[in-house]
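What follows is a set of notes on a single structure, which appears directly below.
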Amino acid sequence: MIEWRAGALVCAAVMLMGAAPISNLPPADNQKLARDLFSEIIALRSVHDAGTKKVADALAARLKAAGFTEVRKLADPKYPHQVNVVTRLKGKGKAKPILWYGHEDVVEARPEDWSLPPFKLTEKDGYFYGRGTSDMKDQVAAVAAAMIRLKKENYVPDRDIIVAFTADEEVGEEQDGLWYLLREYRELIDAEMLINPDGSSGSIVDGKRQEFGLQTSEKSYVTYTLEVTNRGGHSSQPRPDNAIYALARGLTRLEKFQFPFKTTATTRLYFARTAELESGQVRADMLAVAKDKMDLAAARRLAKDTARNAILHSTCIATMLSAGHQENALPQRAQATVQCRIMPDETVEGTKAALEKVLADPAIHVSVRGLVTIAPESPPTPALLSSVENVVHSMWPGVPVIPAMSAGASDAIFTRNAGIPSYGVSGAWEDIHDDRAHGRDERRAVDSFYESVEFTYRLMKELSTVK
């Protein structure tokens, strides 16, 4: 009776919201499994300092109980609490496997900052609340539930379906998560393509399902340090070679600089398809930018919007400053951090050279901070687009599927760099005015969660079928 009431409430909520029909929801037993999994892993505080071992143990136990015999828990011996899980559903071997991915870790959440317990799944007013409900334990639960459902149905795909649940995505570590698996266990996860459901593919605007995104590329994350040093001296005897002033002049030049506009196969498709949702000058400008030869005037008009500007070219912005060592001393050092997001076909050294040219002062030393991974665009092929559209339109008829390049970063950059085309897609929907990932009272709409479980199941079947 309790289970029936929960399912009835979900269905009623879906109907009241004018969202998806009941057929978009998974069977009751799979709903219960998905929710139980969701609740279990939300309660596990898998922040960086605590590690992902408990989540990995919970997922591995669920998979083994469902009959998966090849369940590997893998961790770098130097980071024993950062545990990854890899399993697969064996297929007929007609093509290379499809790899599904999901990160087990979350960002920190302090109970005093939330109105509800962050590490407890709470259902309230049609939403699931808790840290990781939208980034991305909802999708980890959806992927695990879909795999278990396929196993229970004795489904044998044309190709293997591999799943990797990984550690440390949120802190950007390369040594113990997906990059570690690629480096040490490539044979376990080698695939024709990766599906990365990290985030919401569906966008809701003013209560209406507007578009469904398919991420095919992302800008690379590169941080540069700008530094000026000199011998300093006493502040009572100023000299013209002041480190702070030299750095400030360079940053002022950088502020006025803009990288050239450019498009990729993904962004041309993005603008062409998004134009159908617009009207007037915006629609005309998008169509003009979608052409092989870009209309620069149209690009300049579109770039007035911050989000569109971010995908029209590489960007570099000063984010931190540090200078001087005492108030009565001339500064011996002035330092700035400049954060760049560069287009898929750009390079670290090429961007560094562009910065040095703009700064126009040999006294400003430019260096790269940390490790950098550069990755090419994954092609938005007609076959892949057709497959995703088949599943999307089976659940939400008429919603346009739009390839997109992310201005942010994800672990898919590692698989792209390793030669595995990677695509960001999930069945979750997000109100663009209410994105709470990493924030206070993070949440996922109840109907959106259950639909994403069904979407994942259908997409796994679609992509594992060789046509």
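The values are calculated or read from the model by the stated rules, or taken from the named source; none is laboratory data. In this text, all values refer to a predicted model and were calculated from it rather than measured experimentally. For neighbour counting, all protein chains shown are included, and Cβ atoms are generated from backbone atoms with ideal geometry for every residue, glycine included.
Against the numbered list (1) in contact (Cβ under 8 Å) with a residue 12 or more places away in the chain; (2) closer than 20 Å to residue 178 by Cβ; (3) surrounded by fewer than 16 Cβ atoms within 10 Å (Cβ to Cβ); (4) not polar (S, T, N, Q), residue 77 comes up short only at (1).
For the structure I just gave you, tell me whether residue 338 is surrounded by 12 or more Cβ atoms within 10 Å (Cβ to Cβ), modelled with pLDDT of 95 or more, closer than 30 Å to residue 227 by Cα and under 27 Å from the mean Cα position of the chain (by Cα). Yes, satisfied. Helices (runs of 4 or more DSSP H) fully within the range 241-296 that include at least 2 residues being of a type in the set (Val, Ile, Thr) and surrounded by 20 or more Cβ atoms within 10 Å (Cβ to Cβ): 265-274. Within the range 237-292, restricting attention to residues that are touching a residue at least 60 places away in the same chain (Cβ under 8 Å) and touching a His at 6+ places or on another chain (Cβ under 8 Å), the residue that is nearest to residue 226 (Cα to Cα) is 259.
Kindly indicate the residue of the range 110-164 that is without any contact (Cβ under 8 Å) to a residue 12 or more places away in the chain and among the basic types (Lys, Arg) and also surrounded by the fewest Cβ atoms within 10 Å (Cβ to Cβ) among those meeting that condition.
If we take residues in the range 110-164 being without any contact (Cβ under 8 Å) to a residue 12 or more places away in the chain and among the basic types (Lys, Arg), then 110 is surrounded by the fewest Cβ atoms within 10 Å (Cβ to Cβ).
Yes/no per residue for (1) within 14 Å of the chain's Cα centre (by Cα); (2) among the β-branched types (Val, Ile, Thr); (3) on the phi > 0 side of the Ramachandran plot; (4) outside the structural domain of residue 187 (by TED's automatic domain parsing):
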position	(1), (2), (3), (4)
391	no, yes, no, no
398	no, no, yes, no
411	yes, no, no, no
414	yes, no, no, no
417	no, no, no, no
425	yes, yes, no, no
441	no, no, yes, no
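If the condition is being under 24 Å from the mean Cα position of the chain (by Cα) and among the aromatic types (Phe, Trp, Tyr), then the range 55-108 contributes 79, 100, 101.
Yes/no matrix, rows are residues, columns are (1) farther than 30 Å from residue 349 by Cβ; (2) of a type in the set (Lys, Arg):
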site	(1), (2)
145	yes, no
152	yes, yes
204	yes, no
226	no, no
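How many of the residues in the range 416-467 are out of contact with any strand residue (DSSP E or B) (no Cβ under 6 Å at 6 or more places or on another chain), assigned to a helix (DSSP H, G or I) and among the charged types (D, E, K, R)? The qualifying residues number 6.
For the range 57-101, which residues satisfy the criterion of being touching a Lys or Arg at 6+ places or on another chain (Cβ under 8 Å) and under 17 Å from residue 149 (Cβ atoms)?
Step one: filter the range 57-101 for residues touching a Lys or Arg at 6+ places or on another chain (Cβ under 8 Å), giving 57, 60, 66-68, 70-71, 75, 80-87, 89, 91-98.
Listed by number, the residues that qualify are 66, 67, 68, 71, 87, 89, 91, 98.
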